[in-house]
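As structure tokens, the structure follows; a few thoughts come after it.
Please treat every number below as a calculation from the coordinates, not as lab data. Just so it is clear, the structure is predicted and the values come from calculations on it, not from any experiment. Cβ coordinates were reconstructed from backbone atoms using ideal geometry, including for glycine residues, and neighbour counts include every protein chain displayed.
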Amino acid sequence: MKAWVITKYGGPEVLEMREVEKPKNSKGKLLIEVEYAVLNPYDYKIRNGIAKLMTGNKFPKILGGDFSGTIIESNDSNNEFKPGQSVYGFANIFMREQGSLAEFTTISPKYVRHLPDGIDSKHACAITSAGLTALNGIRKCGKLKDKKVLVNGATGGVGHIATQIFSANGSVVIAVCSSTNMKTAEELGAEKVIDYTKEDIYSGNDSYDIIFDAAAKLKFSKVKKLLNQKGIYCTTEEGVKVMLTSAISKLKFSKSMMISGFRGTKVEFDEMEDLMLHKGIKPIISYNFPFTEVNDAFKMLEENRPSGKVLIKVKN
Ligand SMILES: NC(=O)c1ccc[n+]([C@@H]2O[C@H](COP(=O)([O-])OP(=O)(O)OC[C@H]3O[C@@H](n4cnc5c(N)ncnc54)[C@H](OP(=O)(O)O)[C@@H]3O)[C@@H](O)[C@H]2O)c1
């Protein structure tokens with residue numbers, strides 16, 4: 001089968017398309033024919049070696065987390081998945097599963113979902129990691145109706161879903177993005193848009209109930225003054241330092257800090273599908289790349305910061 005592999009960590013140049021052996025299914029796993037994949041920042045962070053403590057030094061590696069496709073063989077012990085079914089989900093490359101930038105992959109059913117009626121395989125694939133990351137943090141922000149919410153990075157992969165979820169739940173959204181994405185932010189439901197290239201967020205006079213930092217560019221110590229009493233700062237940044245700051249902030253019964261990360265629990269997948277089916281939440285697919293141009297798709301995500309998601313059509 002064809003797959004995009006890396007044989008060392010590095011920039012986009014280390015990615016190469018190769019003919020590799022089709023994976024054999026194993027106990028408890030599903031063999032999936034991949035139809036679509038989308039890119040997320042973790043894909044280039046893994047490729048760069050930033051996550052090598054988790055991903056290890058064994059090469060070649062096939063990258064790619066999010067996918068949609070069809071089950072070819074099922075060794076699922078719960079008998080939930082059967083050959084021929086359409087599915088989408090996340091290949092856990094952090095736990096050294098084979099990634100989705102390949103014609104076939106074998107993965108555990110933990111993050112695999114049946115494709116629901118009413119959601120197509122492109123949009124299911126596009127929402128998985130970014131949407132579930134947004135939702136994970138939003139669920140920690142309490143009631144959303146009539147809350148004044150600042151979304152930082154409001155048109156990126158995580159931010160464009162967060163903006164839609166807050167708006168659909170009755171929050172008043174103030175979006176932060178660069179000049180080129182201001183119109184998109186309005187279309188996603190923002191009532192006001194701030195261009196971060198022209199205005200310094202920290203020196204604004206407005207205050208917010210929630211600051212959702214999808215871009216992970218702000219600092220809790222500096223945004224505190226922009227939060228109302230009991231206001232919440234929620235960031236996609238992960239790591240020991242933010243975990244400690246978040247834990248300490250929760251002891252103080254005033255302004256607190258939450259972390260929004262990909263967890264992919266059943267409850268979150270259920271809620272995300274419900275939001276797509278009944279509240280009109282939909283990922284933007286800003287670019288479609290053929291499977292032969294995955295290296296260009298990486299460059300697009302890393303260099304041009306498009307709004308929404310970059311999709312790759314794996315199956316011809
Ligand atoms: N996607 C996931 O599954 C996932 C999971 C966990 C954590 N995360 C983390 O969440 C962060 C965002 O992920 P993503 O998928 O949304 O990335 P993305 O699609 O690359 O979007 C990043 C956004 O950040 C904005 N941005 C850049 N510099 C900014 C600044 N100084 N101030 C405000 N906004 C700025 C960009 O807006 P402009 O283009 O308008 O400049 C862009 O829309 C990353 O650090 C990622 O590692 C992502």
Inset, instruction - Please give the calculated 222 nm ellipticity per residue for the chain, where each DSSP H segment of at least 4 residues contributes -39500 (n - 2.57) and the sum is spread over every residue; nearest 500 deg cm²/dmol? - result: -7500 deg cm²/dmol
Inset, instruction - Lys and Arg at +1, Asp and Glu at -1: add these up for the other residues within a Cβ distance under 11 Å of Asn25 and post the number. - result: +2
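Note the full-extension length gain between Asn57 and Asp120 as 0.36 nm times their separation in residues minus their Cα-Cα distance, in nm to one decimal. It would help to have the intermediate numbers written out before the result.
Values: separation 63, 0.36 × 63 = 22.68 nm, distance 3.61 nm.
So the extension gain works out to 19.1 nm.
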Inset, instruction - Go ahead and set up a Gaussian network model of the chain, Cα springs under 10 Å, then flag whichever of Pro116, Pro60, Pro290 fluctuates most. - result: Pro60
Legend entry - Eligible lysines near Lys309 by straight Cα distance, threshold 20 Å, same-chain separation 8 or greater: Lys45, Lys122, Lys183, Lys217, Lys279, Lys282, Lys299
Legend entry - Efficiency of FRET from Cβ geometry, Tyr202 and Lys279, R₀ 51 Å, rounded to 0.05: 0.95
Inset, instruction - Could you estimate the translational diffusion coefficient of the stretch 131-259 from the Stokes-Einstein equation, with Rh from the Kirkwood formula over C-alpha pairs, at 10 °C and 1.306 mPa s, in whole µm²/s? - result: 112
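Just to confirm a number: summing +1 for Lys and Arg and -1 for Asp and Glu over residues other than Lys224 whose beta-carbon lies under 15 angstrom from that of Lys224, what do you get? Walk me through the numbers on the way to the answer.
Numbers: positive: Lys219, Lys222, Lys225, Lys230, Lys250, Lys252, Lys255; negative: Asp206, Asp209, Asp213.
Every neighbour counted, the sum reads +4.
Considering only the other residues whose Cβ falls under 9 Å of the Cβ of Gly99, what net charge follows from Lys and Arg at +1 and Asp and Glu at -1? Let's see the in-between values first.
Values: positive: Lys61; negative: Asp43, Glu97.
So the surrounding residues net to -1.
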Legend entry - Highest-fluctuation residue, Asn78, Asn57, Asn136 considered, GNM on the chain with Cα pairs under 10 Å: Asn78
Legend entry - Within the chain, longest stretch clear of exposed trypsin sites (Lys or Arg not before Pro) (DSSP loop, no more than 12 other Cβ within 10 Å): 253-316
Legend entry - Label-point separation, Ser77 to Lys241 (7 Å along Cα→Cβ), nm: 4.0
Inset, instruction - Determine how many Å³ per residue the convex hull of the Cα atoms of the chain encloses. - result: 133
